[in-house]
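A short worksheet on the structure shown next.
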Amino acid sequence: MKKIIKTPVFGINSKSYMYGAALLELAEYADHLAEEYDMSIMFSAPYADLGKIAAETKHIILNAQGMDPIHTGRGMGHVLPESLAEAGADGVFLNHAERPMTLSQLIKAVSRAKELQMHTIVLADSVQEARMTALLKPTMIICEQTELIGTGKTADVKYMQETKEAIKEIHPGIIVLQGAGNRTAEDVYNAIKNGSEGSGASSGIFLAKNPKEKIRELFEGALKAREEFGSRVYGEEEI
């Protein structure tokens with residue numbers, strides 16, 4: 001059973017910046033925030049850390065950073081979807097700029113994840129790509145301009161609004177997030193103010209001197225936005 005998602009969503013994407021005990025500590029902190037403030041926090045982790053984090057947390061939505069659209073059998077070195085589900089992953093990131101997929105691979109991966117009752121979080125760059133991705137009806141689409149990743153610069157309001165409108169025209173039940181460039185609570189707040197149904201960070205958190213303090217700082221932006229713009233619950237009927 002998929003975990004219910006409430007917007008605004010707050011995202012913490014570790015990529016390969018951190019692993020092991022240090023990452024588990026941050027996951028436990030995020031889990032505490034998710035419970036205390038009743039907010040959906042998406043937390044990504046490297047494959048080898050998923051099992052441990054899943055065992056020690058209850059409230060975060062734990063996501064794998066990718067997978068291969070295959071079934072059990074031959075496939076040396078591939079990331080098996082069943083193994084991610086068995087490890088405790090609630091969802092999976094697909095088609096990130098640093099792990100791109102062909103259209104055929106993406107279609108198969110979304111289908112496999114849905115079969116395993118996993119949330120599907122798909123990355124899209126342009127308005128056109130966002131529109132095409134929406135046809136697959138994933139749980140969530142993160143609109144992220146590739147050239148802004150890791151730069152500290154956020155997308156402009158026009159891009160945020162056009163990508164969201166393109167997606168919602170096709171399927172209003174898809175959650176739309178705007179990614180890339182968040183460094184401050186104000187960045188997170190502004191993204192939600194401009195139509196994003198959540199926000200978060202990767203390098204903005206994990207390159208900070210104190211990642212835990214940075215999580216709290218950015219989280220405050222999401223809390224402020226929720227107070228002003230409200231929340232919505234996405235259940236099984238939405239996706």
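At a glance:
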| read-out | value |
| --- | --- |
| Looking only at segment 190-206, and only at residues there that are hydrophobic (A, V, I, L, M, F, W, C) and over 13 Å from the mean Cα position of the chain (by Cα), the one that is farthest from residue 220 (Cα to Cα) | 206 |
| Answer residue from segment 100-114, given it is touching a strand residue (DSSP E or B) at 6+ places or on another chain (Cβ under 8 Å) and within 19 Å of residue 126 (Cα to Cα) and is least open to solvent (accessible area, probe 1.4 Å) among those | 106 |
| Residue in segment 32-42 that is touching a residue at least 24 places away in the same chain (Cβ under 8 Å), part of a helix (DSSP H, G or I) and either crowded, with 19+ Cβ neighbours inside 10 Å or basic (Lys, Arg) (or both) present | yes |
| Residue 83, sole failed condition from (1) of a type in the set (S, T, N, Q); (2) closer than 21 Å to residue 179 by Cβ; (3) open to solvent by 30 Å² or more (accessible area, probe 1.4 Å) | (2) |
| Residues satisfying the stated conditions in segment 70-127, i.e. β-branched (Val, Ile, Thr) and within 16 Å of the chain's Cα centre (by Cα) | 92, 110, 120, 121, 122 |
| Any chance residue 202 is under 20 Å from residue 134 (Cα atoms), among the polar types (S, T, N, Q) and either open to solvent by 20 Å² or more (accessible area, probe 1.4 Å) or at pLDDT 90 or above (or both) | no |
| Which listed residue is open to solvent by less than 10 Å² (accessible area, probe 1.4 Å), without any contact (Cβ under 8 Å) to a residue 60 or more places away in the chain and not hydroxyl-bearing (Ser, Thr, Tyr), from 121, 61 | 61 |
| Residue pairs meeting the criteria (Cβ under 8 Å; at least 6 apart or on separate chains; first within 23 Å of residue 119 (Cβ to Cβ) and at pLDDT 90 or above, in segment 73-87; second assigned to a helix (DSSP H, G or I) and among the basic types (Lys, Arg)) | 81/112 |
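The values are calculated or read from the model by the stated rules, or taken from the named source; none is laboratory data. Remember, predicted model here, so these are calculated numbers, not experimental data. Every residue, glycine among them, receives a Cβ derived from its backbone with ideal geometry; neighbour counts consider all protein chains shown. Side chains included, ligands, DNA and RNA excluded: accessible areas come from the protein's heavy atoms. Shrake-Rupley method; radii C 1.70, N 1.55, O 1.52, S 1.80 Å.
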